[in-house]
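Working notes, beginning with the structure itself.
The values are calculated or read from the model by the stated rules, or taken from the named source; none is laboratory data. Computed from a predicted model, the values in this text were never measured in an experiment. Neighbour counts are summed over all protein chains in view; Cβ atoms, including those assigned to glycine, are modelled from backbone coordinates with ideal geometry. Accessible surface is based on the protein model in full, side chains and every heavy atom, while ligands, DNA and RNA are left aside. Shrake-Rupley method; radii C 1.70, N 1.55, O 1.52, S 1.80 Å.
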Amino acid sequence: MPARSLATAPILVLNGPNLNLLGQRQPEIYGSDTLADVEALCAKTAEAHGGTVDCRQSNHEGEIVDWIHEARTAHAGIVINPAAYSHTSVAILDALNTCDGMPVIEVHISNIHHREEFRHHSYVSHRADGVIAGCGVQGYAFAVERVAALVAARQEG
């Protein structure tokens, strides 16, 4: 799989189930920022590195898998908040495993390790080049920064 630069391909920002309700659902855990706020933050962060983002959200596992497959040829890297699928989806892990050489950063708004026991394990973490959790929506900016750094390093090396 050829490496793509941020100048030629966007970073895919994937959000899993229920994240369309950010700002409405459990603000004591997820804060008051909306998904539109997250997308604007990601776009601003990517722009600072000469790139763009392609933001998508789905409540459907198969659609997320299809988007990951598409990313193999259309994107420079992936930022993914798989939400509840973190803890259940081998299918998403398998799809991410097809993205050889592409940076993948997993992000969680809350600290999943301070929550219910079942949230402590993430299948996606087995493929992710980094995991950011518990930093609120600012974690997305950190994730985009990290993808940009990994893409740049692969361009140099």
**OP:** Mind listing whichever residues of the stretch 44-65 are assigned to a helix (DSSP H, G or I) and open to solvent by less than 50 Å² (accessible area, probe 1.4 Å)?
**Re:** Thr45, Ala46, Gly62, Ile64, Val65
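Would the stretch 45-66 turn up any residue that is at pLDDT below 95 and of a type in the set (Ser, Thr, Tyr)? Break it down stepwise before answering.
Going through the stretch 45-66, the residues at pLDDT below 95 turn out to be none.
Checking the stretch 45-66: not a single residue is at pLDDT below 95 and of a type in the set (Ser, Thr, Tyr).
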**OP:** Hey, can you tell me all the residues within the stretch 21-38 that are in contact (Cβ under 8 Å) with a residue 60 or more places away in the chain, in a loop (DSSP other than H, G, I, E, B) and charged (D, E, K, R)?
**Re:** Asp33
**OP:** Would you check if Asn18 is on the phi > 0 side of the Ramachandran plot and within 16 Å of the chain's Cα centre (by Cα)?
**Re:** yes
Subject >> Checking Ile68 against (1) in contact (Cβ under 8 Å) with a residue 60 or more places away in the chain; (2) surrounded by 18 or more Cβ atoms within 10 Å (Cβ to Cβ); (3) touching a Leu at 6+ places or on another chain (Cβ under 8 Å), the condition it does not meet >> reply: (1)
Original post:
Do we find that Asp100 is open to solvent by 40 Å² or more (accessible area, probe 1.4 Å) and without any contact (Cβ under 8 Å) to a residue 24 or more places away in the chain in this structure?
Top reply: no
**OP:** Please enumerate the residues belonging to the stretch 122-153 that are open to solvent by 50 Å² or more (accessible area, probe 1.4 Å) and modelled with pLDDT of 90 or more.
**Re:** His126, Asp129, Val131, Cys135, Gln138, Phe142, Glu145, Arg146, Ala153
Original post:
For the stretch 90-121, what are the residues that are in a loop (DSSP other than H, G, I, E, B) and at pLDDT 95 or above?
Top reply: Asn97, Thr98, Cys99, Met102, Pro103
Subject >> Odd one out for Leu41, checked against (1) out of contact with any strand residue (DSSP E or B) (no Cβ under 9 Å at 6 or more places or on another chain); (2) open to solvent by 60 Å² or more (accessible area, probe 1.4 Å); (3) not in a loop (DSSP other than H, G, I, E, B) >> reply: (2)
**OP:** Could you grab the pairs with beta carbons closer than 8 Å, sequence gap of 6+ or different chains, first residue in the stretch 1-20 and closer than 30 Å to Glu156 by Cα, second one open to solvent by 70 Å² or more (accessible area, probe 1.4 Å) and in a loop (DSSP other than H, G, I, E, B)?
**Re:** Met1/Asp100; Leu6/His49; Leu6/Thr52; Pro10/Thr52; Ile11/Thr52
